1. For region 186-251, report the translational diffusion coefficient in µm²/s to the nearest whole number, using Stokes-Einstein at 10 °C, 1.306 mPa s, and a Kirkwood Rh over Cα pairs.
2. What is the mean projected area of the alpha carbon convex hull for region 309-362, to one decimal in square nanometres?
3. Tell me which residues come under 5 Å, amide H to amide H, from Ser83 once H is placed; ignore anything under 5 positions away on its chain.
4. Per 10 Å bin, what percent of the C-alpha pairs of region 140-183 does each bin hold, from zero upward?
5. Extension gain Glu290-Ser261, at 0.36 nm per residue separation less the Cα-Cα distance, in nm?
6. Would you please give the residues with an amide H less than 5 Å from that of Asn363, counting only those at least 5 places away or on a separate chain, with H modeled from the backbone geometry?
7. Under a cut-off of 21 Å between alpha-carbon atoms, report the lysines in cross-link reach of Lys309, not counting same-chain residues fewer than 8 places apart.
8. By its C-alpha gyration tensor, with a ≥ b ≥ c as the square roots of the eigenvalues, how is region 226-358 shaped: rounded for a/c under 1.5, else prolate for a/b larger than b/c, else oblate?
Amino acid sequence: MTYLKEDKYFHAFNLTGGVGPVSFKKILNHFRSLKDAWRANAGEYARTGISQSIIDEIQKKRIKINPDRELEKISGQNIGIISIKNKEYPKLLKEIYAPPALLYIRGRFAPSDKLSLGVVGPRKVSLYGKQITPLLVADICQKGLTIVSGLAKGVDTLAHQTALENGSRTIAVLGSGIDSKSIYPRSNTRLAEKIIQTGAVISEYPPGAKPFAQNFPQRNRIISGLCLGVIVIEAREKSGALITAGNALEQNREVFAVPGSIISPNSTGTNNLIKLGAKLVSCAKDVFEELHLDYSRQTKTKNNRAENKEEEFILGRLSQKPLHIDKIINQTKLSTAKTISTLTILEMKGRVRNLGGNNYVIN
């Protein structure tokens with residue numbers, strides 16, 4: 001793992017727990033280097049304009065922090081640091097108000113990430129959301145855009161999984177540390193490891209940081225800050241997805257919303273966003289037109305051929321309308337055991353999706 005000269009001090013200041021983006025900026029503007037800042041006395045800090053409580057916190061915590069030793073710890077976990085001084089720091093993110101002074105990263109950023117789209121929604125996703133998310137995200141991925149989300153259960157998980165299934169890049173932004181023991185939610189640890197192989201898992205919180213509730217609104221501003229726009233798949237009247245949408249508006253990003261049933265609580269937030277001026281999205285083309293991107297380009301291809309007669313029978317009967325396994329068995333005349341095994345294989349290939357309750361759709 002390669003680090004820049006001042007990375008250890010960025011990390012050390014972050015470990016004090018009191019230096020946020022605004023205070024970091026004041027420190028960077030006042031001192032010649034972070035090395036000088038780390039060694040400065042309280043009187044010098046007072047001239048930076050940061051509050052006395054933060055100064056006291058730095059003075060108290062830095063006695064116990066050895067920058068070199070702490071950097072060695074994260075190096076051993078293959079965790080990188082991209083500070084706001086680093087040329088690899090995402091350009092779009094740097095433009096927002098109070099961008100994070102540093103990002104911890106496992107995986108890597110790529111030049112193609114300048115064309116990124118945020119996808120957010122509830123943890124408790126409806127059957128409708130389970131259908132719509134893979135449908136939209138797959139089409140977006142086929143056109144070469146990077147998918148950014150928060151690794152949460154529900155829509156975030158579906159968005160990341162769909163991107164991986166389509167061979168597309170995806171970035172997960174966490175509200176906790178990104179070390180193996182801190183990945184949140186724990187049920188998505190394996191998904192995070194898959195994302196790291198071809199994309200990136202990032203956080204502004206240091207390794208070991210717990211997923212405190214107050215971290216997630218801050219995390220959401222990074223999701224929107226990395227992207228050209230954000231799609232809200234589903235959202236209740238008050239939800240984290242709407243916070244991300246609000247951040248996107250403040251950051252002059254495009255906000256997209258998928259309309260839903262007026263009697264569904266999960267669609268109240270998205271329908272209200274549309275009333276307030278968010279772009280209504282019924283297909284991926286709507287997103288590309290609003291962003292002035294070429295929808296006609298096809299950068300990814302998938303092999304959609306069935307590999308045997310059993311797969312052909314099942315794929316020939318599935319569509320975007322959920323079909324229960326009992327009806328699949330009845331229509332294909334396959335045995336129960338053969339139907340279950342074939343569906344399992346198709347699901348592993350990313351060809352079909354189980355929406356729950358043994359209801360299947362084509363992916």
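Just so you know, all these numbers are worked out from the coordinates, no wet-lab data involved. Please read these numbers as outputs of a predicted model, since none were measured by experiment. Cβ: placed from backbone, ideal geometry, glycine included. Neighbour counts: every protein chain shown.
1. Here the translational diffusion coefficient equals 118 µm²/s.
2. Over every viewing direction, the Cα hull of region 309-362 projects on average to 3.1 nm².
3. Leu103
4. 30, 49, 19, 2
5. This chain segment gains 8.1 nm when fully extended.
6. Val352, Arg353
7. Lys309 reaches Lys327, Lys333, Lys338, Lys349.
8. It comes out prolate by the Cα gyration axes.
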